[in-house]
Amino acid sequence: MKYVEIFIECVATYFYLVFLLRYLGKKEMGKLSVSDLIVFLLISELMTISIGDDNVNFFHGALAALVIIILDKLCSYAALKFKPVKKVLEGHPTFIVNKGKLDQKKMEALNYSVDDLCHHLRSQGIGSLSEVEFAILETDGQLSVIESQKNQVEMPESLIIDGEINSEILKMMGKNEDWLKKKLRQHGVDDYHDVFYCILEKERLFFIKK
């Protein structure tokens, strides 16, 4: 009877976790942020305990997993609406190579070696750092690389997202908010809050209005 109960709980756990992860909306399981990884580890541990420990009710474990998923959803919504929350929960991308220049201080701060960088470049078919215009270590640990010959932007990071100016990127470019506002006015945009997305390409300022 005990084995039948374990079998039923395992089957129920499988379908329950499939439902929860679908609800969570994670499409690429190989590219998880730190918060995503924590959520999956917690859910896995909770469901394992609820099946293997006779003193823990299965439904209590399932309820706890649901609470974690809902909490993660709320945090994701807060990160989408509030930039400070996003920085705390997800961090921010780090430019390892910026306009062909290797930033050794940032690499040291991240404990990211030149061997690591070269390994990732080779895996993308790039043989030398001289071919790289930008190399960005994303929040999920992936390295995004833009080759010099293929680069079409001044900076591969948005200047405005959903009406919010990215001041850090402007500072990296040696620009300020007044410069960006002036550029937008030249394109007939008086209020940057009306801009959903904006990036500086080589030849122009590309933006999408709300």
Which of the pairs K81/K106; K150/K182; K101/K209; K171/K202 have their Cα atoms more than 25 Å apart in this structure?
K81/K106; K150/K182; K101/K209
Mean separation of Cα pairs under 8 Å and 6+ residues apart, divided by the residue count of the chain: what relative contact order is that in percent?
13
Given R₀ = 22 Å, FRET efficiency for Y77-H193 by Cβ-Cβ distance, to 0.05?
0.65
What percent does the relative contact order of segment 160-209 come to when contacts are Cα pairs within less than 8 Å and at least six residues apart?
40
Using the Kirkwood radius over Cα pairs, work out the Stokes-Einstein diffusion coefficient for the chain at 25 °C and 0.890 mPa s, in µm²/s as a whole number.
120
Paramagnetic reach from K87 in segment 167-193 [backbone N under 19 Å; point 7 Å along Cα→Cβ]:
167-178
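Given +1 on the Cβ of Lys and Arg, -1 on the Cβ of Asp and Glu, and no further charges, what dipole in debye does segment 38-92 carry about its Cα centre, rounded to the nearest 20?
Values: 5 positive and 5 negative charges, 118 e Å.
With Lys and Arg at +1 and Asp and Glu at -1, about 560 debye.
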Can you tell me the 0 to 90 degree angle between the C-alpha axis of helix 114-123 and the longest principal axis of the chain, rounded to 10?
80
Ranked list, fewest to most other Cβ atoms within 10 Å of each Cβ, for I96, I161, I169:
I161, I169, I96
Footprinting exposure proxy for K202, K83 (fewest neighbouring C-beta atoms within 10 Å first):
K202, K83
Among F95, F40, F59, determine the one that fluctuates most according to a GNM of the chain built with springs between C-alpha atoms less than 10 Å apart.
F59
Surface/4 estimate of mean projected area, convex hull on alpha-carbon atoms of segment 49-167, nm²
11.1
Taking 0.36 nm per residue of sequence separation and subtracting the Cα-Cα distance, how much length would be gained by fully extending the chain between V153 and K202, in nm to one decimal?
17.2 nm
Ordered by fewest other Cβ atoms within 10 Å, a rough proxy for footprinting exposure, C118, C75, C198 read C118, C75, C198
After finding the eigenvalues of the alpha carbon gyration tensor for segment 147-210, what semi-axes result from the square roots of 5 times each, listed largest first in whole Å?
19, 13, 11
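Taken together, the values in this text are just the output of simple stated rules run on the coordinates, not laboratory data. On a predicted model such as this, the values are computed, not experimentally measured, just so you know. In this analysis, Cβ positions are derived from the backbone assuming ideal geometry, glycine residues included, and neighbour counts consider all displayed protein chains.
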